[in-house]
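One structure is given here, and the rest of the page talks about it.
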Amino acid sequence: MNPTKIHLYVNRENLGFEDCDDVDPTQTIDLTDADLKEGADPILLKYVKFQRVTSITIFIEDNSGGDITALGGLKLFGRTVATTNMNEFKKQSQ
């Protein structure tokens with residue numbers, strides 16, 4: 001089954017399944033069928049929450065109704081701090 005709810009945790013290297021209920025995720029993503037289609041637009045993360053990242057823990061909390069979740073692919077895009085031009089960013093609401 002396809003994932004429908006994903007929690008992302010930044011710089012939480014020793015996070016286990018039992019810890020996910022006790023720790024607030026850095027960002028939660030609710031996926032739609034359109035998000036999962038090939039060629040779909042990228043899902044943008046909140047830039048402010050993803051600075052100085054050394055690790056990302058991904059927890060798939062829910063899927064579309066099955067016991068097993070299948071993730072066909074995952075692409076992460078980012079920049080190193082040295083190549084980031086802070087003048088390119090504009091304030092956004094949460």
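The values are calculated or read from the model by the stated rules, or taken from the named source; none is laboratory data. Every value quoted in this text rests on a predicted model; they were computed, and no experiment measured them. Here the Cβ positions follow ideal geometry from the backbone for every residue, glycine too, while neighbour counts run over all protein chains shown. Just the protein is used for accessible areas: all its heavy atoms, side chains included, with ligands, DNA and RNA removed. Shrake-Rupley method; radii C 1.70, N 1.55, O 1.52, S 1.80 Å.
Going through region 17-86, which trypsin sites (Lys or Arg not before Pro) have at most 11 other Cβ atoms within 10 Å and a DSSP loop state? Loop-located and lightly packed - Lys37, Lys46, Arg52, Lys75, Arg79. Taking GluC sites (Glu not before Pro) as exposed when DSSP calls them loop and at most 14 other C-beta atoms lie within 10 angstrom, the chain has its longest site-free stretch at 39-94.
Averaged over its residues, the chain has an accessible area of 84 Å² per residue, based on protein heavy atoms and a 1.4 Å probe.
Relative to the Cα centre, what is the charge dipole magnitude of the chain, using +1 at the beta carbon of each Lys and Arg, -1 at the beta carbon of each Asp and Glu, and rounding to the nearest 20 debye?
Taking the Cα centre of the chain as origin, the dipole is about 740 debye.
Protein heavy-atom surface of the chain, 1.4 angstrom probe: 48% of the accessible area is carbon and sulfur, with nucleic acids and ligands not counted.
Just subtract the alpha-carbon distance of Tyr47 and Asp22 from 0.36 nm times their residue separation and send over the number in nm, one decimal.
Full extension from Tyr47 to Asp22 adds 6.6 nm.
Residue separation of Ala70 and Ile58 scaled by 0.36 nm, minus their Cα-Cα distance, works out to 3.0 nm of gained length. Taking amide H as placed 1.01 Å from N in the peptide plane, the amide H of Thr4 sits under 5 Å from that of Asp62, Asn63, Ser64, each at least 5 places away or on another chain.
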